[in-house]
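Read the structure below first, then the notes.
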Amino acid sequence: MSADPSIATPQRTRNAAATRAAILASARAAFARAGYDGAGVREIAAGAGVTAMLVNRYFGSKEKLFAEVCADTMREPVILSPENLAAPDFAAAFAKALVQVTAPGATPLDGFLILLHSASSPRAAEIGREWVGKGHQSTLEAAIAGPLAKERAAVALALVAGMQVMRQMMEIEALAGAAPTELEEVLTPVVRALFETGTPGS
């Protein structure tokens, strides 16, 4: 006699969800370490304890898996967290979070590493642009609004990327050796100028 579908289906669903999550976690780690071109489907599959065939069954292709990873890295933002977005002084909260997240010696955010290490791949860069636009760019644009919000948001994101490279990865002394409160003091007015809603240059 066949098993009751009402019992078997939830078990299969749980296993499928766990397998998918394991593949996604393995892919995030692989892409953060080696970038899009350097990470292979077999390596990602091995990290998840599955076969390459199963990776393709769940995600369709390496490109689609990379897109899923990009989206996944933006689901729980650190600098653009709900708490920071709702802060009475968003510019100060943004600057403080940026200083904290780029602390020398701390592990860089994997979302940043994925995009950095994948930038040389035209297809990966295209996918990354799409998801940055849908994620952090869109969130920040809505938060600051006003004239040239798109451009001001993009410059703010470039500031984030620059701090991650120069302070956290290269450890430029003027940034890595500065006291966090001093960096916040320098960054806050810069961020505030970007977040102003008045006409730029007025």
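The values are calculated or read from the model by the stated rules, or taken from the named source; none is laboratory data. Note that the structure is a prediction, hence the values are computed from the model and not measured. Positions of Cβ are generated from backbone atoms using ideal geometry, with glycine treated the same way; all protein chains shown enter the neighbour counts.
I'd like the residue in the stretch 119-148 that is surrounded by 13 or more Cβ atoms within 10 Å (Cβ to Cβ) and of a type in the set (D, E) and, out of all such residues, is nearest to V191 (Cα to Cα).
Selected residue: E141.
Return the residue satisfying two criteria in turn: it lies in the stretch 88-118 and is exposed (fewer than 15 other Cβ atoms within 10 Å of the Cβ) and without any contact (Cβ under 8 Å) to a residue 60 or more places away in the chain, and of such residues it is nearest to I172 (Cα to Cα).
If we take residues in the stretch 88-118 being exposed (fewer than 15 other Cβ atoms within 10 Å of the Cβ) and without any contact (Cβ under 8 Å) to a residue 60 or more places away in the chain, then G105 is nearest to I172 (Cα to Cα).
Residue check, S202 against (1) at pLDDT 95 or above; (2) not in a helix (DSSP H, G or I), all met but one. Which one?
Only one criterion in (1) at pLDDT 95 or above; (2) not in a helix (DSSP H, G or I) is unmet by S202, namely (1).
Looking at the stretch 148-165, can you tell me whether even one residue there is more than 28 Å from D72 (Cβ to Cβ) and either among the acidic types (D, E) or not assigned by TED's automatic domain parsing to the domain that holds A29 (or both)? Before the answer, list the steps.
Kept after step one, since they are more than 28 Å from D72 (Cβ to Cβ), are these residues of the stretch 148-165: 148.
Next, only the ones that are either among the acidic types (D, E) or not assigned by TED's automatic domain parsing to the domain that holds A29 (or both) stay: 148.
For the stretch 148-165, residues more than 28 Å from D72 (Cβ to Cβ) and either among the acidic types (D, E) or not assigned by TED's automatic domain parsing to the domain that holds A29 (or both): present.
Of these, P104, P108, P88, which one is modelled with pLDDT under 95, more than 17 Å from the chain's Cα centre (by Cα) and in a loop (DSSP other than H, G, I, E, B)? Walk me through how you get there before you give the answer.
Working: P108 fails: more than 17 Å from the chain's Cα centre (by Cα); P88 fails: modelled with pLDDT under 95.
None of the other options fit; the residue is P104.
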